């Protein structure tokens with residue numbers, strides 16, 4: 001038995017894979033502990049899980065796009081969160097004494113503490129943001145990571161040393177989606193790993209009409225401030241298609257006043273359970289929702305907002321599994337054409353199935369555990 005400490009961030013798109021890997025580690029007989037905000041983790045990991053609390057920081061509302069949005073999230077959240085949680089991660093390592101530390105790729109405190117103590121560690125890469133890094137990415141990251149290294153008592157080093165563990169990088173995708181992207185030597189593609197997530201059974205399944213096709217519309221949990229116009233566009237795009245489809249729109253209460261009867265607006269839905277019943281997904285291009293859709297052979301319409309989402313949208317389109325549309329300036333007519341195209345053209349579902357078929361072969365959480373066990377044995 002080995003001891004694994006997972007250092008995570010309270011971000012919905014980042015937690016599903018760690019939950020699945022932790023559960024698989026426990027099934028294999030290993031000991032698992034968490035390091036992150038207890039108020040966020042406790043409902044997900046249960047009352048008996050060992051949590052070394054870090055506290056949390058407010059995720060600020062933003063309305064930027066493109067490179068400026070990426071700069072904003074680094075400067076206003078990721079770096080301050082790393083500074084804030086660094087002492088807590090140090091305490092967790094001292095108290096728990098893990099054999100291997102697993103760090104979310106953007107939970108920089110986990111990587112820095114592992115480097116400082118010479119601890120075997122693995123990078124968890126649940127998004128494609130760093131895997132698809134473009135020119136200039138290091139110029140954004142280097143000054144921030146240099147200051148964080150100094151705070152952690154580390155000498156200057158490269159950006160890659162923090163973002164990509166030299167021991168192991170677990171990327172929760174496959175080459176069928178990622179394409180010929182150059183990857184670090186320590187990186188393995190294990191495919192999506194789906195955790196159980198928070199229990200939710202409040203969805204009205206009787207609303208589903210088996211005689212119509214079904215579309216899920218979601219822009220994720222970090223789009224507040226830029227999502228209201230998109231919600232209106234989506235409703236207008238599908239308003240006259242009630243004879244052929246039903247749509248579930250994930251949106252806050254009051255965000256869509258008086259939607260038509262065939263468009264159900266809900267603040268929460270059981271997406272994993274819903275996926276087998278869908279014929280299309282409209283999304284922002286988060287790797288979590290994209291992986292869930294493709295695992296079920298569901299084609300996508302992707303309207304990327306920021307971060308790695310434009311790259312993911314391009315990957316989906318290049319693989320023939322969906323259509324990319326703009327988020328800003330998207331018209332109802334353009335969105336309607338994209339949705340009806342992925343519904344009516346079987347090539348898109350075939351493209352989604354091709355990628356989805358690559359996921360089980362990659363192994364998911366069980367494959368991740370095998371790599372982690374190898375790392376633990378190697379470092380003993």
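The values are calculated or read from the model by the stated rules, or taken from the named source; none is laboratory data. Everything numeric in this text was worked out from a predicted model, so none of it was measured. Note that each Cβ is placed from the backbone with ideal geometry, even for glycine, and that neighbours are counted across all protein chains shown.
Okay, residues lined up against (1) more than 30 Å from residue 46 (Cβ to Cβ); (2) surrounded by 17 or more Cβ atoms within 10 Å (Cβ to Cβ); (3) at pLDDT below 90:
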{"position": "124", "(1), (2), (3)": "no, yes, no"}
{"position": "133", "(1), (2), (3)": "yes, yes, yes"}
{"position": "145", "(1), (2), (3)": "yes, yes, yes"}
{"position": "150", "(1), (2), (3)": "yes, no, yes"}
{"position": "163", "(1), (2), (3)": "yes, yes, no"}
{"position": "169", "(1), (2), (3)": "no, yes, no"}
{"position": "180", "(1), (2), (3)": "yes, no, yes"}
{"position": "211", "(1), (2), (3)": "yes, no, no"}
{"position": "214", "(1), (2), (3)": "yes, yes, no"}
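Among the residues of region 108-164, count how many are part of a loop (DSSP other than H, G, I, E, B), without any contact (Cβ under 8 Å) to a residue 40 or more places away in the chain and under 23 Å from residue 376 (Cβ atoms). The number of residues fulfilling the criteria is 2. Annotation note: of 119, 101, the sole residue that is surrounded by 16 or more Cβ atoms within 10 Å (Cβ to Cβ) and either closer than 21 Å to residue 11 by Cβ or modelled with pLDDT under 95 (or both) is 101. In region 254-272, the qualifying residues are those that are out of contact with any strand residue (DSSP E or B) (no Cβ under 8 Å at 6 or more places or on another chain) and without any contact (Cβ under 8 Å) to a residue 24 or more places away in the chain, and the one that is nearest to residue 343 (Cα to Cα) is 261.
Results for (1) within 27 Å of residue 71 (Cβ to Cβ); (2) touching a residue at least 24 places away in the same chain (Cβ under 8 Å); (3) outside any loop (DSSP other than H, G, I, E, B), shown as yes or no for each residue.
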{"site": "292", "(1), (2), (3)": "no, yes, yes"}
{"site": "298", "(1), (2), (3)": "no, yes, no"}
{"site": "310", "(1), (2), (3)": "yes, yes, yes"}
{"site": "313", "(1), (2), (3)": "yes, yes, yes"}
{"site": "316", "(1), (2), (3)": "yes, yes, yes"}
{"site": "326", "(1), (2), (3)": "yes, no, no"}
